[in-house]
Amino acid sequence: MLRVDVREKSFAARVVLADIRFELPPGEILALAGPSGCGKSTLLRLIAGLDRGFIGRIAGPARVAMAFQEPRLLPWRSVRDNLLLAGAPPAVAAEMLGELGLAEAAEVPADRLSLGMARRVALARALAVAPDLLLLDEPFVSLDAAGAARARALLLAAWRARPCAVLLVTHDLTEAAALADRILVLAGSPAGIAEQIVVPEAIRRHGGEAAARFAMSLRA
Amino acid sequence: MAGPVGAGARTRLISLAVLLALWEAAGQIAHSRVAPPLSKVLVVLARETASGALLENLGVTLWRIAASFVLSMVLGAALGIAMGRRPGLDRALDVWLTGLLNLPALVVTVLLYVWFGLTEAAAIAAVTLNKLPTTAVTLREGARALDPQLLEMASVFRFSRGRVLGHVVLPQLAPYFFAAARSGLALIWKVVLVVELLGRSSGVGFQIEVYFQEFDVAGILAYTLAFAVVVLALEWGVLQPLERRALAWRR
């Protein structure tokens, strides 16, 4: 269980996050939505333990994996070594590369990949370490629509095989509706939780049209 | 690619041959003890090699180069990386480093000989101290340029300290290591001769001093020639291939 209680986070004298409290039980996908620059990524960095300069408490599972906005692969190591170095068991790494269509590229140095492939490798790395909490920071941004849809389907397939708690940061409500059980909308200055939306069971993780229609109804 | 590289090597060889031919001709024309032609220097080189003196002195000097090279690289890199990663330490030690960087080699050498006697340890310490600050400055640059995004990635995935060093930090520092090693070799092989001349009774620097007192320029040039060949062999035979291998991932 991830328990987040952020009273205050400031940069210099400016308070950017205030009074954000939520819980994320194992096996749930929670989307963190809101306009660009509202502090979603800042909150994710606090949860990932990359920034300890805040007032409040965050307690979560020990095994955390993250897919950043950029792939952040080690360019001087092969695709496979990038997974192994992050702590993936060799058999799982091979399986995950296969599932994400990267089996052929396992021995390729990571700096020779296209951006789309590098993103898939970063996703494979995050999934292959079998985390209890998976943090995703706009992992499909800058992929084209078809590529993003495919990556989302791959993520869901991997998650179904081994459900873990997922916290997905996205500015795209359609994406949030297509993946998540719950959506927290961050807004305001300093940013707080403006709205909590439970995605109806009937359309949950069906993706496509249903999610798009639901997202439209939220925007209205 | 074979064409241009081959052509480059041919131009270099011709250029070297012209230099050697000019040297021989000038020496023959000058016909002076203080400006010997190449052939005479080669005779001295052969004589010194046969007697074993050349190899012995060369060996001693190379050992001193190796010892102070390793010491200055390890200590200088440790200092530079620490300063590059910790702004507080950097501010505290920056003045010292700048001072050491600008201290003349001769002053360092003379002081160490005065304080610790004309010993092997003092000689190696003097050469090391001359090289250490440039290594530290180079690696400080490298440590400052480390990609924070990759370090964050390593922290989220709980990389061990060893794994961070071996797979995240050192690959990024490799170009800086080689830059330091390259300039280090060039500096050390010049400084070591001065250090030997001032306070050791063996080595190439000592031998050159002996020849200097006898005004034996052929002897000086013979040792210089042998020494230059060894240093170039190190640069081309060891350093450059290592560098190519370490940076191969960049294509």
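The values are calculated or read from the model by the stated rules, or taken from the named source; none is laboratory data. Since the structure is predicted, the reported quantities are computational estimates derived from the model, not experimental observations. Glycine also receives a Cβ, built like all others from the backbone with ideal geometry; neighbour counts cover every protein chain displayed.
For (1) under 28 Å from the mean Cα position of the chain (by Cα); (2) closer than 27 Å to B:Gly203 by Cα, each residue gets a yes or a no:
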site	(1), (2)
B:Ile14	yes, no
B:Gln28	no, no
B:His31	no, no
B:Lys40	no, yes
B:Ser51	yes, yes
B:Glu56	yes, yes
B:Phe69	yes, yes
B:Ala78	yes, no
B:Ala82	yes, no
>> Please go through segment A:148-206 and give me each residue that is among the polar types (S, T, N, Q) and more than 21 Å from A:Ala48 (Cβ to Cβ), ordered by number.
In response: A:Thr174, A:Ser189, A:Gln196
>> Every residue in segment A:26-43 that is surrounded by fewer than 13 Cβ atoms within 10 Å (Cβ to Cβ) and within 17 Å of A:Pro139 (Cβ to Cβ), please.
In response: A:Ser36
> Within segment A:179-188, can one find any residue that is part of a helix (DSSP H, G or I) and touching a strand residue (DSSP E or B) at 6+ places or on another chain (Cβ under 8 Å)?
Replying inline: yes
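Residues checked against (1) at pLDDT 95 or above; (2) surrounded by fewer than 17 Cβ atoms within 10 Å (Cβ to Cβ); (3) touching a Lys or Arg at 6+ places or on another chain (Cβ under 8 Å):
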| position | (1), (2), (3) |
| --- | --- |
| B:Pro87 | no, yes, no |
| B:Gly99 | no, yes, no |
| B:Leu103 | no, yes, no |
| B:Asn130 | no, no, no |
| B:Val191 | no, no, yes |
>> Of everything in segment A:5-23, what is touching a strand residue (DSSP E or B) at 6+ places or on another chain (Cβ under 7 Å) and among the aliphatic types (A, V, I, L, M)? Give them in sequence order.
In response: A:Val6, A:Val15, A:Val16, A:Leu17, A:Ala18, A:Ile20
> Of the residues B:Ile81, B:Ile124, which single one is under 30 Å from A:Ala122 (Cβ atoms), away from chain A (no Cβ under 14 Å) and assigned to a helix (DSSP H, G or I)?
Replying inline: B:Ile81
> Which residues, taken from segment A:72-90, are at the interface with chain B (Cβ under 7 Å from one of its Cβ atoms), part of a loop (DSSP other than H, G, I, E, B) and of a type in the set (A, V, I, L, M)?
Replying inline: A:Leu74, A:Ala86
>> Give all pairs with beta carbons closer than 6 Å in which a residue from segment B:165-181 that is within 10 Å of B:Gly142 (Cα to Cα) and within 14 Å of chain A (Cβ to nearest Cβ) meets a residue that is surrounded by fewer than 18 Cβ atoms within 10 Å (Cβ to Cβ) and of a type outside the set (Ser, Thr, Tyr); count only pairs at least 6 apart in sequence or on separate chains.
In response: B:Gln172/B:Leu146; B:Ala174/B:Ala246
> Quick check: is even one residue across segment B:142-158 surrounded by 13 or more Cβ atoms within 10 Å (Cβ to Cβ) and closer than 23 Å to B:Arg64 by Cα?
Replying inline: no
> Only one of B:Gln240, B:Gln213, B:Gln207 is within 19 Å of the chain's Cα centre (by Cα) and of a type in the set (S, T, N, Q); which?
Replying inline: B:Gln240
>> Could you check segment B:37-54 and list, in sequence order, the residues that are assigned to a helix (DSSP H, G or I) and surrounded by 13 or more Cβ atoms within 10 Å (Cβ to Cβ)?
In response: B:Leu38, B:Lys40, B:Val41, B:Leu42, B:Val43, B:Val44, B:Leu45, B:Arg47, B:Glu48, B:Thr49, B:Ala53, B:Leu54
> If you check B:Leu146 against the conditions, is it assigned to a helix (DSSP H, G or I) and at pLDDT 90 or above?
Replying inline: no
>> Consider segment A:105-119. How many of its residues are touching a Leu at 6+ places or on another chain (Cβ under 9 Å) and part of a helix (DSSP H, G or I)?
In response: 8
> Of these, A:Ser36, A:Ser41, which one is assigned to a helix (DSSP H, G or I), small (Gly, Ala, Ser) and farther than 12 Å from A:Val6 by Cβ?
Replying inline: A:Ser41
>> For segment B:50-93, give me each residue that is among the hydroxyl-bearing types (Ser, Thr, Tyr) and either outside the structural domain of B:Leu221 (by TED's automatic domain parsing) or over 29 Å from B:Ser183 (Cα atoms) (or both).
In response: B:Ser51
> So which residues in segment A:44-57 are within 14 Å of another protein chain (Cβ to nearest Cβ) and not in a loop (DSSP other than H, G, I, E, B)?
Replying inline: A:Leu44, A:Arg45, A:Leu46, A:Ile47
> Does segment A:120-167 hold any residues that are buried (at least 20 other Cβ atoms within 10 Å of the Cβ), farther than 20 Å from A:Pro90 by Cβ and within 14 Å of chain B (Cβ to nearest Cβ), and which are they?
Replying inline: A:Leu133, A:Leu134, A:Leu135, A:Leu136, A:Asp137, A:Pro139, A:Leu167
> Only one residue in A:Glu23, A:Glu8 is assigned to a strand (DSSP E or B), under 14 Å from A:Leu184 (Cβ atoms) and assigned by TED's automatic domain parsing to the domain that holds A:Phe140. Which one?
Replying inline: A:Glu23
> Just one of B:Gly162, B:Gly219, B:Gly184, B:Gly203 is surrounded by fewer than 18 Cβ atoms within 10 Å (Cβ to Cβ) and either more than 15 Å from B:Ile65 (Cβ to Cβ) or in contact with a helix residue (DSSP H, G or I) (Cβ under 7 Å, 6 or more places away or on another chain) (or both); which is it?
Replying inline: B:Gly162
